[in-house]
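A.B. asks: Below is a structure I'd like to ask you about.
Just so you know, all these numbers are worked out from the coordinates, no wet-lab data involved. Just so you know, these numbers come straight off a predicted model, no measurement behind them. Cβ: placed from backbone, ideal geometry, glycine included. Neighbour counts: every protein chain shown.
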Amino acid sequence: MRNLIIFLPVFGLVLLGCNSDRNSVEPDDSTLTVYVSFNFDLSHIADGTFFTKTEAGYPISISRLQFYLSDWLVERKDGSTINSDIVSLIDAQDEDSRRFSLDIEAGSDWETMHFLIGLPTYLNHTNALENTLENQNMAWPDPMGGGYHFLKLEGRFMDGEDEYGYAMHIGTDPYVIPVQMHLEDKAEVISQSGEITLEMSIKEWFANPHTYDFNQDGNYSMGDTSAMLMLAQNGQHVFTLKN
Amino acid sequence: MTRQIRAFIIFLTVFVLTLAVSCESENADNFDWPDYDPTPIELEIPGGFPPVIIPPDNPLTKEGINLGRKLYHDKILHIDGLLSCSSCHLQEYGFTSPGTAILPHINLAWSRNFMWDGKFDMINVNLEYVSLFEVEDFMQTNVSRLNEHEHYPGLFYEAFGVKEITSTEIAYALAQFMRTQVSGNSKYDQVLAEGIGTPVFTEQEMWGYELFFSETGDCFHCHGNKLFTDNKFYNIGLDSVFEGVNKGLYSVTGNPADLGKFKVPTLRNAALRNGFMHDGRFKSLREVIEHYNSGVLNSPTLDPVMTKPGKEFGLGLSADEIDALIAFIHTLTDEEFLSREELGPP
């Protein structure tokens, strides 16, 4: 028993110490926890397997998947709103980054949730985010407009027998991706569990409304405004609610 | 038992006892131990650099850093007394040696991966861990030589409060010193500081900067940020068949997806080098950029950012653009760092 009494606070301290260098707030009982999941086995990121096919028919692998989520706004049934300016950098390969807490309390009267894949204009300029190596590595260089990469989705694709790389990068204000989620009958469940699960579908990046074709539309999107526009529009549909 | 043997045993016992007593008296009892009250030191971080994570059990102290500096430049660490760290890691070249694949010691305080192929297959490797490897496995330091030394026991006591030196304290002192090998005062840094009297880029350097930090040159994806390395591992298409030393991270992880991936080296002070890449295969910056320009080889682990539409084998830069990139990399040379007295031999 004594051991347990000592152990518990120490364990708590260890937990607190874990994620001190992230932007987001630690999960906590009263605030809403967001959990980001993916519709594929994440071990494929490390093993390089061609595990799925794009709408245009190319088998793909994924070697990197990182993006920002920000600018959260909830509309209640009575029309009032609450918002959270928590910014989270999600790295599919970093388990810790996929769960974060918004500084708002979930309510059963929630109707619609809005957020951005990317960053709002006021944060999308060089050095606006906390100075961490992770944020610096997401920088969108000044000669290309400054700010940050909203998304880095990279891997390889098969074109017949041949294999090439693709790098789908999105950045700069016009290509930020607004996402809207109608909670409908799930508001009650979310408010009770205090947790919301958003699942990203990889196929959607290349499917809807634009069938993205690496050969025609480019396998490297950075600085290619028409490629970024297609991806940004597709990006509005990549998340679904999984509660 | 014969007399001789008995005599020998007595002799041995006396000898060992004498040894033990003499060591005791020298190193513990009669030794005049100095005070253990190390002075904390705050690492000076150049503008815009991310914060440094310093392990709580090895905070920087004046005594620790000074001791690390002395050890770094002392051949006593080598089993045969032939080499010091600085025999290979030479300050005037950014703590590497020309013509070799010796990794430089530049801003390692921020490093999260060490050695070209990652070597230590674990997360959270830090400078303490790497230094311990250098001391125990590479230099095979004979620790008793330090314990018997005229000055070292006192210096270690002042820094760490220990009366018996072990490889751990040696590694900790080296790690402290290496955290002070900070280079962030190159022309590039001064230009970016944009103060009164700060230098400006020449037209060619500016062009190189723009190429470096845009999709045309596309160097920033891996050598971006203030450190000029993102601290990760990539295959940049040097080979398409991977053997021996060219297997890279694979030789540590055994994961075929890691074949040919190597640590991204910093480009700070890289203009001083004349052996580039993990095997020193290129002899000039021009050869390096020629590789990125037209020598990229495809393979299943080639990094995705290395292939752009219509540019399968590289960037397709003009000769003038290559010159501009080289000029820009020269602005990352930090003369103050290369001659900073506190980093040289004490």
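A.B. asks: Mind pulling the per residue volume of the convex hull built on the Cα atoms of the range A:30-241? Å³ is fine.
C.D. replies: Convex hull of Cα atoms, per residue: 124 Å³.
A.B. asks: Also, I was wondering about something else. Indicate the gyration tensor shape class of the range B:153-239 (rounded, prolate or oblate), computed on the Cα atoms with a ≥ b ≥ c the square roots of the eigenvalues: a/c under 1.5 is rounded; otherwise a/b larger than b/c is prolate and the rest oblate.
C.D. replies: Numbers: a/c = 5.30, a/b = 1.90, b/c = 2.79.
It comes out oblate by the Cα gyration axes.
A.B. asks: Can I ask one more? Membrane-span-like helices in chain B: DSSP H runs reaching 27 Å or more (Cα, own axis), mean Kyte hydropathy at least -1.0?
C.D. replies: The answer, listed by residue number, is B:3-24.
A.B. asks: Using only the alpha-carbon atoms, how far is helix A:225-235 inclined from the longest principal axis of chain A? Give it as 0 to 90 degrees, nearest 10.
C.D. replies: Tilt of helix A:225-235: around 40 degrees.
A.B. asks: Starting at the first residue of the range B:215-227, write each ³J(HN,Hα) from the Karplus equation 6.51 cos²θ - 1.76 cosθ + 1.60 with θ = phi - 60°, in whole Hz, x for Gly and Pro.
C.D. replies: Each residue's phi maps through the Karplus curve to give 5, 4, x, 6, 7, 5, 4, 10, 9, x, 6, 5, 8 Hz.
A.B. asks: How much net charge surrounds residue A:116 when only other residues with a Cβ under 13 Å from its Cβ are counted (Lys, Arg +1; Asp, Glu -1)?
C.D. replies: -3
A.B. asks: Identify the residues of the range A:92-131 with backbone N under 13 Å of a label point that sits 7 angstrom from the Cα of residue A:173 along the Cα-to-Cβ direction, or state none.
C.D. replies: Counting backbone N atoms under 13 Å from the label point, the list is A:119-126.
A.B. asks: From the cross-link list A:53/B:308; B:232/B:261; B:283/B:311; B:119/B:261, which pairs have alpha carbons spaced over 18 Å apart?
C.D. replies: A:53/B:308; B:283/B:311
A.B. asks: Using Cβ contacts closer than 10 Å as the measure, can you line up B:183, A:63, B:299, A:193 from fewest to most?
C.D. replies: A:193, B:299, A:63, B:183
A.B. asks: Pick from A:169, A:210, A:149: which residue has the top mean-square fluctuation in a GNM of chain A where Cα pairs under 10 Å get a spring?
C.D. replies: A:210
A.B. asks: Follow-up. With a 10 Å cut-off between alpha carbons and a GNM built on chain B, which of B:43, B:227, B:174 moves the most?
C.D. replies: Answer for the Gaussian network model of chain B: B:43.
A.B. asks: OK, next. If you wrap a convex hull around the alpha carbons of the protein assembly as shown, what volume per residue comes out, as a whole number of Å³? Show your work: numbers first, answer last.
C.D. replies: Values: hull volume 130.5 nm³, N = 589.
Taking the convex hull of the Cα positions in the protein assembly as shown, it is 222 Å³ per residue.
A.B. asks: Next question, about the same structure. I need the P(r) histogram for chain B: all alpha carbon pairs, bin width 10 Å from 0 out to the longest distance, whole percents.
C.D. replies: Pairs per bin, as whole percents: 5, 21, 28, 21, 12, 6, 3, 2, 1, 0.
A.B. asks: Now for a separate question. What nm distance separates the two modelled labels at residue A:109 and residue A:47, each placed 7 Å from Cα along Cα→Cβ?
C.D. replies: 4.9
A.B. asks: Where is the GNM fluctuation largest for chain A (alpha-carbon springs, 10 angstrom cutoff): A:116, A:183, A:231?
C.D. replies: A:183
A.B. asks: Average projected area of the Cα convex hull of the range A:163-243, in nm²?
C.D. replies: Average projection, Cα convex hull of the range A:163-243: 6.5 nm².
A.B. asks: Let me ask something else about it. Testing the spin-label approximation: label points 7 Å from Cα along Cα→Cβ at residue B:100 and residue A:197. State their distance in nm.
C.D. replies: Using points 7 Å along Cα→Cβ, the separation is 5.4 nm.
A.B. asks: Something else about it: Would you calculate the convex hull of the Cα atoms in the range B:31-183 and tell me its volume per residue in Å³? Numbers along the way, then the final one.
C.D. replies: On the way: hull volume 18.1 nm³, N = 153.
Looking at the range B:31-183, the number lands at 118 Å³ per residue.
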